[in-house]
1. State to the nearest 20 debye the size of the charge dipole of the chain about its Cα centre, where the only charges are +1 on K and R beta carbons and -1 on D and E beta carbons.
2. Once you order the gyration tensor axes a ≥ b ≥ c over the Cα atoms, which shape class does the chain get: rounded for a/c under 1.5, otherwise prolate or oblate by comparing a/b with b/c?
3. So what is the calculated 222 nm ellipticity per residue for the chain, using -39500 (n - 2.57) for each DSSP H run with n of 4 or more, over all residues, to the nearest 500 deg cm²/dmol?
4. Using Cβ contacts closer than 10 Å as the measure, can you line up Lys899, Lys646, Lys191 from fewest to most?
5. Tell me, Ile469, Ile521 in order of fewest to most beta-carbon neighbours within 10 Å?
6. By count of other Cβ within 10 Å, fewest leading, how are Ile755, Ile583, Ile177 ordered?
7. Calculate how steeply helix 573-589 sits against the longest principal axis of the alpha-carbon atoms of the chain, using the helix alpha-carbon long axis, and give the answer as 0 to 90 degrees to the nearest 10.
8. Whole-Å semi-axes of the range 662-729's equivalent ellipsoid, largest first, each the root of 5 times a Cα gyration tensor eigenvalue?
Amino acid sequence: MFDLKKNYAISRSLAAEGMVLLKNEGAVLPFKPTDRVGVVGKNALSLLSGGGGSAAVKTEYIRSLPDGLQQKAAEGKLYFYEPSLTLAENGYSLAILNELAQHIDTAIMVVQRHASEGADRTIEQPQHVKEERAMIETADIIPQLKSNAYYPTENELALFRLVEQSAIKRVVLILNIASIVDLSHFFAFPKVQAVLLPFMAGMEGGAAIADVLCGDVNPSGRLTDTVAYAIEDHPSTANFNRIVGKRLKNDFFVVQHSLYEEGINIGYRYFETYAKDRVQFPFGFGLSYTTFAFNSLSFTVDGDTMTVQVDVTNTGEVSGREVVQVYVAAPQGRLPKPALELRGYAKTRLLAAGETETVRVPFPLSSLASFDADGVTGYPAAWVMEAGNYTVYAAQDVRTLYSCGDYHLPQTTVTQQLTLRFGGQPYEEVLPPAPASWGKDRGIKLLDVAEGKASMQEFVEQLTAEELIELAIGQPAAFAGGTSGIGNLLHYGVPNAQTADGPAGMRCAVERTCFPCATLIACTWDTELQYAMGKALGEEGYAVDLDVLLAPGLNLHRNQLCGRNFEYMAEDPLISGKTAAAIVRGVQSEGLCATIKHFAANNCEFKRMGGNSRVDERTLRELYLKGFEIAIRESNPAFVMSAYNKLNGVPSSANAQLLKGVLRDEWGYEGAVMTDWRNWVPMDEEILAGNNIKMPHGYPDEIARVRGAYYNGRISIVQLQRNAMYVLGAVMKTRAFEKQDFGTRHSMTADVLYIPSVALTTLSAMSVKQGVREDGEAYLCRLIKDARAQRIRLGYCIDLPQEGEYILTGEYRTNRPEYELWFENEAGERVATASCAEAADENAWYRFTVTVPFKKGENRLSVIPADEPHTDYDFFGSYLTNPPPWDLHLAGFEVRRKKEMRE
Ligand code: BGC
């Protein structure tokens, strides 16, 4: 059994090792025991541990900043003025701040920005109010907690202005933000002498920030993004979410074209080449409490491996860690190239003052190639290294470079010849002939394949087209908070492997470790720590019978406005890919499968299912696909999740060039590809294009569509079989398969079979709560969303000695007596309906009784909380208006034979 506390400690280390010290004027930090410190502003009282959506984690506690500071004060590391906490509840006037200034020299202020799926940052400029305000109410200064704003709000600025006027000597600013926002305004306040960027630092955030503020951890996080002075400085901003197309009702069918006109010019690739003066903090930047010198720089080339070597010496007075970043400036031949590109990196161990470590950074020489789509070098559709000098640097950031010398390439060299895939070229493939017969059970179980007693081909040849289609679609979730299952052909020994999010920790109904957001994890540049986090995630998932983690996400930070940047790592594909690979290796070392997502070019949340990323082939290959390639080659994740967006007009999940051409043919990927949740793409097209599983559970229309495509010959049996092989191959890597865990089966051995509720929870994290009834019995669920749109259903496996009619009785409680409970058999037919009409009192429990026909042996029963038909759904199954609030509680239920009831 794993130790949750140990994982909390990993979360704290990651947070402290990742946060970036951006400013430290006059060495304000680390605090000394004589420093008098207090907080100003309500944000300082509660930190945002992480973002929403797939990255939300239910956690035992969130360590606040006051918790962290009080602990350090108790250890004598600073003086912390506790009454500042009470003041923060009440608001500030100049007089209040001046009074506070008698007790403190340094005010800690916290700026917060939340983020979640489905929305990007808003970019309304703050209004510059001329008059100063005498009093700033606390109520005014907290709304940014939920704010998506890129710029500071007027209320935030007003508080900073008031502090400037007061006798408080200086401010240490903590940026508790989901992703980079406008920092120019905050840095313009002269009293802001130190700035720490912890992003959203997980459940131990307050402790980790205090570790860094007091010097218990010397900051060694380095930026994985360029911080520009203004959002318009990023070339991608101009086209970030330009809508093209006809607006229809509620905008839902509007295709949003993201023109990636800037091409490869994102982040430092652009700024270091064309706009150095627009950079507030360069890529790779981060301060330390000590200094480092780089000496004895050199590189060697052995076959396809270039190794940079450098002696890093801690030349300061306290111990610390340094990141050695390797950049290479390729010759500007015919193909224009960025001035510099990150090609490798490594982090030193903790070096004591005066200590030296020889750091070696190996990387493939061929990774210096650029992709020549059009053939300007003479080699179209190829990775090409142009002749000339490649200057190799070891660096502390992209601006602080130490030359290791030049690598001279006498002749332009093709490192890999490919074909163009993203300009509308059809994907050609030759399928093997159909087997002579199929669909006949030969008694081969999936375990026989694992044990080498039968081949996968023989196994799939037993399956009917219906069974093969079933493998291509999500299956019911089997635990509270799970997102859906995969597999579930129990008769053939294929378990229902369970999936759950996500990038900052396992998202489920029980408490798990909340790790820092993905960007902060990447900012550690610490592969070992990232691996340790993956391992911890693996242990935690495995322990609650999870099989597949829906993480990590590694889309690039193309633009700072993307609302989901916090779930992703960086503006650079090398660090994104390597960070993801380290996490995946950790996760999979514990027997849990990992899923890298969202493949590909999913860089904007606005109309995320209707987006069309229009990207040229060179940019795709050098940037947006590169990180995925690295992650796949270095960690072989069991699953890949395709993205919601289109790529050059073709949905990612139905993009054969992407999923078959690149992923399978070029990269040799053998795992399974699943869709993102509830996308809108026809499933037959997805199967044909190489997307193996449509997620989540419950798409009768899509199953019918695939069935139709099979019967009219558009999808062949061979295609269904090949699709299933990928799914089965991935399922064979899961915990459920390893343990031969086929879920809870309720077998009737006496007259009455009682099915307890808690064993059956199958709802998604957003919709389910478990609880205990007044009489002590656990009840099942509390639905807070629309059930039909969410396709919520409770799945039961009931094993019965005899065929016949059975009576099901149980208790429920609801505030919506007009709704019903539907009972469906495994063919998806409704076999019974229980009305909730008598539930007049929403706090009382009522009884339902239905009669259900069951067969002898194993029966799969679904209970579906069904509301009245609604017409105000959008294309994706979500309400256009607010869903009516609905609470439904279901306790366990009894099953008896009808005959026995009569007797
Ligand atoms: C997200 C995925 C996530 C899935 C399941 C989707 O909305 O885009 O990243 O894994 O939901 O929760």
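Readers should treat all values here as calculations from the given coordinates under stated rules, not as data from a laboratory. On a predicted model such as this, the values are computed, not experimentally measured, just so you know. Note: ideal-geometry Cβ built from the backbone for every residue, glycine included; neighbour counts use all protein chains shown.
1. Value, rounded to 20: 460 debye.
2. Judged from the Cα gyration tensor, the chain comes out oblate (a/c at least 1.5, b/c at or above a/b).
3. -6000 deg cm²/dmol
4. Exposure proxy ranking, most exposed first: Lys899, Lys191, Lys646.
5. Listed from fewest to most nearby Cβ atoms, that is Ile469, Ile521.
6. Going from sparsest to densest Cβ surroundings: Ile755, Ile177, Ile583.
7. Relative to the chain, helix 573-589 is tipped by roughly 50 degrees.
8. For the range 662-729, the semi-axes come out at 20, 15, 10 Å.
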